[in-house]
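One structure below.
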Amino acid sequence: WGFFAVLQGCFVFKPSSKKRRSSEKTAHDFRSRSDDSEDTELRFVTCQSLWNQIKAETEQIQEDLNKQLLDNLVSFLSRSHSEFQEKTTEWTCRMKFREIPTAALVLGVNVTDHNLTFRGLSDVLQDNISPYVALLEAKDCPGIKNLMQKLMGQLMSCDIDVDSMEDEDCVQVSQNRIRCSMSSLISWYESVTKKTDSETPSKKRNSSSRHWQSPPVVVIFKDMESFTTKVLQDFIVIGSQHIHELPLVLIFGIATSPMIIHRLLPHSVSSLLCIELFQSLSCKEHLSTIIDKLLLTSQFPFKLGEKVLQVLINIFLYHDFSVQNFIKGFQLCIVEHFYSQPLSVLCCQLVDVKKRVCSLSHDQCENIRRLPSFRRYVEKQESGKQIDLLTNDSFLKGETEKLLEDLHVYHENYVSILRCLHVFTSSLPKYPLGKQIRELHCACLENRVWETEEYESSLQLARMLNNTDLVTMLQQCVEILMSSSGKEFDKTVEKLKEFLTQFQNLEAEASQEQDVSVSSQKELQKKTDLYQLQKTLLEMKESRRSKKLTKFEMLRFEVVDYIDSLVRKYLVPAADRTLHEIMYFNAAAVLRGHLNAAPRTALHTALNNPHWYLKNQALKCDGGGISNKAPDICIVYKLHLECGRLINLVDWLEAFSTVVMAAEEPNADAASSDQVDDIIHARFIRAVSELELLGFIKPSKQKTDHVARLTWGGC
Amino acid sequence: MPNLEHPAYPAADLLRLESLVPCRESQVSMLLSIFGERQHFSFPSIFIYGHTSSGKTYVMQTLLTTLQLPHVFVNCVEYFTSRLLLEEILIQLQSSSSDTEQTCPVHCDSLNDFVRLFKQAVARRELQDETLYIVLDRAEQLREMEANILPAFLRLQELTDRNVTVVLLSEIVWELFCPNVGCLEPFTMYFPDYSIGHLQKILSQNHPPEYSADFYSAYINILLGVFYMVCRDLKELRHLAALNFAKYCEPVVRGEANERDTRKLWKNIEPHLKAAMQTVYLREISSSQWERLQHDGGEPGQLKGLSAHTHVELPYYSKFLLIAAYLASYNPVRTDKRFFLKHHGKIRKTNFMKKHEKTSNHLLGPKPFPLDRLLAILYSIVDNRVAPTANIFSQITSLVTLQLLSMVGQQDQLDGPRYKCTVSLDFIRAIAR
């Protein structure tokens, strides 16, 4: 369907546009829906500060994750040309073919994330390697001429901010007339490097210590795949011819696999390059880190509900692999939550809760009473307290504060126990509860995890773990619980440590058990009679079933049961907690509508069932019939659905006029209906051209007076 | 081999020239006789062709500089438009005339201007009584410039009425230049490939100062034995020789063998060179990595080459889209019903395959398919329901930008775009796993 192919590469960045508006305006937007009693100002401020915190956190994470890659790249680049500068006289260097140092940077298919990486990369390069960094994109460089223009533009303007102001005007004047050739680039390079040399050391000490005297010129090709072969070849050939005058370094940004280099460049050209491979962290690991640091922490009060998290993760895994889009989606959740939930004003750090609860208005108290989770809570209380909760605002506030504190404590405990459980489940065969902690998190949020089959089977598997595995897991759990901020875990840690010492004691006794088992085997070998053998086997089976478990097995059961009890106590799904609506964002449908829009379905709905959008009672149609009150385009659309690949315009017009006339003059005589009304004709033509504009039909050359369908069912 | 001799040039220069251009003496003497004496008019244009690194550029450059003939040397790849090319020629003419004088920027938009400015420049340099040589390297690029450039260069002598000879260097034969009617035929000259003996001689010439010429020439002999089958490129061979020489010397440096001990040295270097052929030569690993590896004494197997990283991680639906695209590209349309419909009718086996369809579709290459077909196959191969969301459509375009799919016929996109799947069966297998 051609129409939607036009929607190429459009990514939904809704929140960013919302954010870019001035802060007053946005605060006003928050207000526009609900009146001021619902603390819109405060909600907006909370939302902003929360987002800023999260943004800073994500940026920090990204920086840490990219650090390794960038360090490697920087060391490669600083090595690349220094070798030649040091020992130009040596024989091998004279004989060797001077290749262009090239870094092939494999970044993965999540193209939307690359921009950020490249920005970080060029910053780091400008700080550490060379002020001369140019970023080229394929869409700017259809030919070698455009490439050179772009390259020189970027290099020469980056020269301006390094140099003093006095040169600026003369550079600008000459830039328009400058010849876009390598020779002018070289003469520019010579002039800038000479200038840096001749300058007094005091003035340029900083920069000269960071860059050596002839810094390389770094050219980054952002999207290697999209460049045409010819442009790349020509540029590399030219560059390699002048490598002695212009120390060029190339960086290829590769989204798929490094094989693309061999596919794009013939051997004669790739032999001019000295290619080294650098691989960035896989985007899945990146996402895991983000989820770990943003969601599985009690640092931020805002939480994602199960469905919402699932939507975000699904978009990531099924569609784009883009961590940026995931974070944008997360941002959208925050904005949407604070915008649509009046009580989100309470979604803040624990220290602020008391003050905010106290200043709640009566309307807000009513809002609390309306929360489904709160209602459930009230119903469980005794009648006296029920009345107090429903009528007395200050009593309600006190209770709310207590409940919110509980919720915070719940979060802290939840995260630690979730990690402990993950230690167990992630080492089981076949991963019944998922390999990643995010899957476990989703499972726990969804419903009571201990009631699921997967949990049951993973407990079964856990009961079969061997001694060493079990001990290491317990040790990991102890570490997790020790480092967690929750206060209730002192006892748990003690208990786990007790288990550990018991396991150590067991090892000493292990040798005795072995003897026992050996003796029973010997007994078996004595009996030779078939009947006897069968009997003994049955007996042994019986006895094994009823036999007292070994000490190790008993202890193992105990440990698993203890873990089970922890899970039942702490991993209660958030939806069961009172007042969870304040912290958790659950409107998955809204999110899906924004992030994973289905334009095709929407268009079909609009045309097929205009009532859906127009909300006009007259349009409400029953069954498959075509109402003549619908807009013309809807009638035309419905009629065209019944046609084949080629549509006869005359027949179509006939059908259209029949539908339109149906109500107006049901008893009109046959003679007048023969001739189609001019107005109806005009309406028909307009509707058809609207359909053509939307990409449903196109004029056909196969038959005169026919149009071709472009949509489904044509063939 | 005949010694170079020409009455017009001093014997010392000729001797030096001869030592600089080994194995190309006959071509050089031929050129010299064509050039004649300095003031003689020569052929208006000479076309020299030969395979990669058969010494065309090097010989021309050495000849012109050694004998100090006035010349201009331009690479046509570097000056990719006719304007840049013409201006570069003029700039070089000006700058060589007087180094101290600041060269004013030249503006030359057309050949007419060029001829005028060229005459001025020649007059300024007082070259009327000497032949000026304009050498155009990689002349095949001229074909992509304006149509009048090539014919004009061929008869530049006539157009400018000055003593000038244009030399075109190219790797392809003159016939492929397809000159239109009225073109002056240049004098064509062929540079044959270097034979293995030539290569041996040339490569041995540049031995490192620490070692004797014989030692190095034995090394070159081994090197050529390994690489001559795959590579006859002189530059590449010299590069490889320099890269691996350290390894060859190792036993000598350690004192395990002396310089004459050829057999021992051969045993040491041969597997190493074979490994180099698999890796460095193909640019699977870079030469600097190779050197570091040599230095650390590691095995070449440690470093994975570029081709080893073939795996591409794709999002779930992108994988299915790619598989669907592959199916659509390599299966005939008629079979779709049979493969992807649950209740397809019975198809008579005998008549089903037409004769031409029996040849493997993989030999015929991918066929284009419309977007509708791709989506229809996608819906039938994915287990659960797929909503046609904007994300799915944008994934198709991102597959196109990643060059995994390609768009066929860049016409109106509303007109039902058609795609082709450009990945191989192995790639699809790896994805489908």
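Taken about its Cα centre, segment B:218-308 carries a charge dipole of about 160 debye when Lys and Arg each add +1 at the Cβ and Asp and Glu each add -1 at the Cβ. For helix B:213-227, what angle does its Cα long axis make with the longest principal axis of chain B, in degrees from 0 to 90 and rounded to 10? Result, in degrees: 30. Since only A:Val308, A:Cys283, A:Pro372 are under comparison, the one whose Cα sits farthest along the positive direction of the charge dipole of segment A:282-372, derived from C-beta charges on Lys, Arg, Asp and Glu, is A:Pro372. Counting Cβ atoms of other protein chains within 10 Å of each residue's Cβ and taking the mean over peptide A:594-606 gives 3. Qualifying trypsin sites (Lys or Arg not before Pro) in segment B:9-46, where qualification requires a DSSP coil assignment and no more than 14 other C-beta atoms within 10 Å, are lacking entirely.
How far is helix B:316-330 tilted off the main Cα axis of chain B, in degrees rounded to 10, range 0 to 90? Around 80 degrees separate the two axes.
The shape of segment B:11-190 comes out oblate: with a ≥ b ≥ c from the C-alpha gyration tensor, a/c is at least 1.5 while a/b does not beat b/c. For segment B:34-44, putting each phi into the Karplus relation 6.51 cos²θ - 1.76 cosθ + 1.60 with θ = phi - 60° gives couplings of 5, 5, x, 6, 3, 8, 5, 6, 10, 4, x Hz, in residue order, rounded to whole numbers and with x for Gly and Pro.
Is there a quick way to get the dipole size of segment B:11-190? I mean about its Cα centre, with the Cβ of Lys and Arg at +1 and of Asp and Glu at -1; what is the value in debye to the nearest 20?
On the way: 13 positive and 23 negative charges, 23 e Å.
Using Cβ point charges on Lys, Arg, Asp and Glu, segment B:11-190 gives about 120 debye.
State the extension gain, in nm to one decimal, for the chain segment bounded by B:His272 and B:Gln205, taking 0.36 nm per residue of separation less the distance between their alpha-carbons. Provide the component values of the computation, followed by the final result.
Details: separation 67, 0.36 × 67 = 24.12 nm, distance 2.33 nm.
Here the segment from B:His272 to B:Gln205 would lengthen by 21.8 nm.
For segment B:11-190, averaging the sequence separation of C-alpha pairs within contact (under 8 Å, six or more residues apart) and dividing by the residue count gives a relative contact order of 34 percent. With a ≥ b ≥ c the root eigenvalues of the C-alpha gyration tensor of segment B:218-308, is it rounded (a/c under 1.5), prolate (a/b larger than b/c) or oblate? Since a/c reaches 1.5 but b/c is at least a/b, the shape of segment B:218-308 is classed as oblate. Sequence-distant contacts, meaning Cα pairs under 8 Å at least 6 residues apart, place the relative contact order of segment B:118-174 at 47 percent.
Fewest-first ordering of B:Thr62, A:Thr704 by other beta carbons within 10 Å of each residue's beta carbon gives A:Thr704, B:Thr62. Indicate the gyration tensor shape class of chain B (rounded, prolate or oblate), computed on the Cα atoms with a ≥ b ≥ c the square roots of the eigenvalues: a/c under 1.5 is rounded; otherwise a/b larger than b/c is prolate and the rest oblate. Since a/c reaches 1.5 but b/c is at least a/b, the shape of chain B is classed as oblate.
Exposed loop sites here mean GluC sites (Glu not before Pro) with a DSSP loop assignment and at most 13 other beta-carbon atoms within 10 Å; chain B contains its longest site-free run at B:257-433.
Axis angle, to the nearest 10 degrees, between helix B:234-254 and the longest C-alpha principal axis of chain B: 90 degrees. Here's the picture: charge each Lys and Arg Cβ at +1 and each Asp and Glu Cβ at -1 in segment B:11-190, and of B:Val28, B:Val173, B:Thr188 the one pushed furthest to the positive end of that dipole is B:Val28. Sparse packing (at most 14 other Cβ atoms within 10 Å of the Cβ) combined with a DSSP loop state is found for the following GluC sites (Glu not before Pro) in segment A:475-508: A:Glu488.
Could you work out the relative contact order of chain B, using alpha carbon pairs under 8 angstrom and six or more residues apart, expressed as a whole percent? Value for chain B: 13 percent.
Values in this text are rule-based calculations from the coordinates and carry no lab data. Here the structure is a predicted model, which means the values were calculated and not measured. Because the Cβ atoms are built from the backbone with ideal geometry, glycine has one as well, and the counts that use them run over all protein chains shown.
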